1. Hey, among L150, L165, L90, L119, which residue is more than 20 Å from D39 (Cα to Cα), touching a residue at least 40 places away in the same chain (Cβ under 8 Å) and touching a Leu at 6+ places or on another chain (Cβ under 7 Å)?
2. Restricting attention to helices (runs of 4 or more DSSP H) lying wholly within the range 115-177, give those where 1 or more residues are under 23 Å from Q64 (Cα atoms).
3. If only one of L156, L143, L175 is over 22 Å from L96 (Cβ atoms), touching a Phe, Trp or Tyr at 6+ places or on another chain (Cβ under 7 Å) and either surrounded by 20 or more Cβ atoms within 10 Å (Cβ to Cβ) or in contact (Cβ under 8 Å) with a residue 24 or more places away in the chain (or both), which one is it?
4. Please go through the range 141-199 and give me each residue that is among the β-branched types (V, I, T) and under 23 Å from Y210 (Cα atoms), ordered by number.
5. Going by the conditions given, is S225 within 19 Å of the chain's Cα centre (by Cα) and free of Cβ contacts under 8 Å to residues at least 40 places away in the same chain?
6. Report the residue count in the range 32-89 for those that are surrounded by fewer than 17 Cβ atoms within 10 Å (Cβ to Cβ), among the charged types (D, E, K, R) and in a helix (DSSP H, G or I).
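Computed from the coordinates by the stated procedures, all read-outs in this text should not be read as laboratory data. Bear in mind that the values here come from a model prediction, so they are computed numbers and not experimental data. All Cβ positions, glycine included, derive from the backbone under ideal geometry; neighbour counts span all protein chains shown.
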Amino acid sequence: MRKIRATILIPILNEEEYLPTLFNNLLGYPDHFDILICDGGSTDMSLQLIKNSGYPYLQQKLEQPSIFKTISIGLDALTNEFTIIHPVDLLAKKSLQNLEFSDEDYGFFFKEYDESHFLLKIQCFFLNNVRSMLFKHFVWTNLFYLKTALLKEIKLNQPFLEDVLLSEVFIKRDLKRKIHKSLITVSSRRYLRNGILKQMMKNAFIMINYRLRLIDTNTLKSLYSK
């Protein structure tokens, strides 16, 4: 196990309301982690808040914003061996502070939601034990990291469900992965805003239709964004 320099890359878009929480959570991160915020063209006060925070950032207005495209804004600036994709919703620091790298190509953490609700516990059990362990898939909010050289060579053309596509690329390449079962905590704000059961059903509907190709991806993306 080794502690090496890594870049914490944070993709955002219109996160004015949540950025103060993010900046508070970034305090006290290890010195061997560099921070880079990538903004995909926010139209609210996000960019001004980032400038005021003093954290390094890059900004580019994207015609079709997506997480992977926003991440790609910072590719040329990445020089460390590993890149950590830090979700804006990440609340817990402990797991990241203790993160050490071995010989894995990529890795991610089990997660829990900040709201204690039995439906969210069921959702996390599915994501952690079925999706991650059985199907070898992660989602962005699993605090995902990978070798920077690998991130730079991957091209994703579909601007939706990119974490699923990225997982499948890794599975096909038979890359070494590491799953950290120490829990990270992420915000449940999307579930609370849209209704927990409603959001769970929407997620399941989108994934089933995506797999069966019953509805085009643009329609599914529009549905997910509502």
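1. Testing whether each residue is more than 20 Å from D39 (Cα to Cα), touching a residue at least 40 places away in the same chain (Cβ under 8 Å) and touching a Leu at 6+ places or on another chain (Cβ under 7 Å) leaves just L119.
2. Numbers: elements: 118-125, 148-153, 162-173.
Hits in the range 115-177: 148-153, 162-173.
3. The unique qualifying residue is L156.
4. T141, I154, V164, V169, I171, I196, listed by residue number.
5. Yes.
6. 2
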